[in-house]
Amino acid sequence: MEIRGRKKVGIPKFVSEQAEAKWWASVEGRTFLKAQAPPKSSAARGGSPLVAKLARASSVQIALRLPAPDLAKAREIAERKGIGYQTLLKMLVHEGLQRAEGKG
């Protein structure tokens, strides 16, 4: 059987951890992982529609300094919600901007 023009890849038996690590780092190992990967859309995984919308929007990388306690709190909340802390911060910034625009 083929997947996207390639032979279906299975996990071979390994004689050592070093051989296994080499296989996972190879094209064949990466192809296997890509074939197993879940859909990238958070909406397809049942995630937040806001996160899916933010993921579709073009992004610009910035550097932002936050007080350490604020970052720790963001990580704590994000972990509770089961999302990344950067995703949480993007959501909060988006919601805050929407709210500020409405009060304008």
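Within region 30-48, take every residue that is surrounded by 10 or more Cβ atoms within 10 Å (Cβ to Cβ) and at pLDDT 65 or above and give me the one that is farthest from residue 12 (Cα to Cα).
Residues of region 30-48 surrounded by 10 or more Cβ atoms within 10 Å (Cβ to Cβ): 30-35, 41-45, 47-48.
Next cut, at pLDDT 65 or above only: 30-35, 48.
Details: 30: 14, 31: 14, 32: 11, 33: 14, 34: 17, 35: 16, 48: 37 Å.
In this case the residue turns out to be 48.
Yes or no, residue by residue, for (1) over 15 Å from the mean Cα position of the chain (by Cα); (2) at pLDDT 70 or above:
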{"residue": "50", "(1), (2)": "no, no"}
{"residue": "67", "(1), (2)": "yes, yes"}
{"residue": "71", "(1), (2)": "yes, yes"}
{"residue": "74", "(1), (2)": "yes, yes"}
{"residue": "91", "(1), (2)": "no, yes"}
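The values are calculated or read from the model by the stated rules, or taken from the named source; none is laboratory data. Because the structure is predicted, anything quoted here is derived from the model rather than measured. Neighbour counts are summed over all protein chains in view; Cβ atoms, including those assigned to glycine, are modelled from backbone coordinates with ideal geometry.
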